[in-house]
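Have a look at the structure below, then the notes.
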Amino acid sequence: MPGEASLRAARYYAHPRNLFWPIMGELVGAGPDMAYRSRTALLKARGIALWDVLESCVRPGSLDSNIDESSLVPNDFNGFFQAHRCITRVFFNGAKAEESFRRHVLPGLTLGPERTLRYLRLPSTSPAHAAKSFGEKLAAWRALLGDEGEDKAASGSPRCVPL
């Protein structure tokens, strides 16, 4: 779930110390110096969808550890994956996102036998998770670029039709 700063701004990763947008700037050019709408459009053009695991929850403050587990309502991933059939990989921004997906989404996910998704947890970009440096996080987040690396992202040619 977005933190308080993001909820107030109605924008993903609005906290000024969150490293998500600086990392996206390095990877695909969608950095914090760009207007928010342009950043999200650039992610979409690069074939990167950005969506929360949870539709809603009760959480005082911004720390994931404060989420009331009994209040979790997951987003409709069956509908999302049905509408966006070109998605083949799901990346989690930290442990809580992965844990919530595996516990509250995966058991009810019905993709069909012809479709397989790959899942990868990446280090959280939250300022609350400062154990890794920017460089270490950036290196791990390069996984978004896939096997084709920076050339694919820089070309503006996504792996399938943009979402």
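No value in this document is a laboratory result; all are computed from the given coordinates. Note that the coordinates shown come from a computational prediction; the quantities given were computed from them, not determined experimentally. Every residue, glycine as well, gets a Cβ built from its backbone with ideal geometry; the counts of neighbours run over all protein chains shown.
A Förster radius of 30 Å combined with the Cβ-Cβ distance from Leu106 to Ala130 puts the calculated FRET efficiency at roughly 0.55.
The listed peptides 110-117, 25-32, ordered by packing as a protection proxy, come out as 25-32, 110-117 (highest mean of other Cβ atoms within 10 Å first). For Arg39, the shell of other residues with beta-carbons less than 15 Å away shows a net charge of +2, using +1 for Lys and Arg and -1 for Asp and Glu. Net charge of the neighbourhood of Ser133, taken over other residues with C-beta under 15 Å away and scored Lys/Arg +1, Asp/Glu -1, is +2. As a proxy for reagent exposure, Asp52, Asp76 were ordered by neighbouring Cβ count within 10 angstrom, fewest first; the result is Asp76, Asp52. If the chain linking Leu120 and Ala83 were pulled fully straight, counting 0.36 nm for each residue of separation and taking away their Cα-Cα distance, it would gain 11.2 nm. Stretching Asp33 away from Leu50 to a fully extended chain increases their span by 4.3 nm, per 0.36 nm per residue minus the current alpha-carbon distance.
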